[in-house]
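Please read the structure below before turning to the comments.
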Amino acid sequence: QVQLVESGGGLVQAGDSLRLSCTASGRTFSTYLMGWFRQVPGKEREFVATISGTGGMTYYADSVKGRSTISRDNAKNTVYLQMDNLKPEDTALYYCAASPRLFTLPLASRSYNYNYWGQGTQVTVSS
């Protein structure tokens, strides 16, 4: 069993930056595929970014590519999502997710392939 806790969300202005963090329990964090997803009321959960256990593979949704960076510090059991030049359309509840299995694209971008989920952290961007 893996527990995930997100933090770092908040209210910001368009063009600002945020750094989201997700800390996981367990001793095998370095083997987990980690992902970030977001969701707004009335819409489906949307893939944002994913990173492999070693950090050797990263992948971003087109909507955030060039503005976001996913990274991880396995010594701290933590994955990060740095978001720059935020836009109002980035407003959502952001979730951290983990999978003990190694998936490559496109499976690594599918929410149903992740076993564990955090409670979410809210990001609100005003214009």
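The values are calculated or read from the model by the stated rules, or taken from the named source; none is laboratory data. Predicted model only: the values in this text are computed from it and were never measured. Cβ coordinates were reconstructed from backbone atoms using ideal geometry, including for glycine residues, and neighbour counts include every protein chain displayed. All accessible areas refer to the heavy atoms of the entire protein, side chains included, with ligands and DNA or RNA removed. Shrake-Rupley method; radii C 1.70, N 1.55, O 1.52, S 1.80 Å.
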Taking Cα pairs closer than 8 Å and at least 6 residues apart, the relative contact order of the chain in percent is 36 percent
What lysines could a cross-link reach from K87, if we take a straight Cα to Cα line under 25 Å and drop same-chain neighbours fewer than 8 places away?
K43, K65
With the crude spin-label approximation of a point 7 Å out along Cα→Cβ, what separation in nm comes out for A14 versus R101?
4.1 nm
In region 17-127, carbon and sulfur make up what percent of the accessible area (probe 1.4 Å)?
48 percent
Karplus-derived 3J(HN,Hα) from phi for region 7-24 (6.51 cos²θ - 1.76 cosθ + 1.60, θ = phi - 60°), whole Hz, x at Gly and Pro, runs 7, x, x, x, 9, 9, 8, 3, x, 7, 10, 9, 10, 8, 10, 9, 10, 10
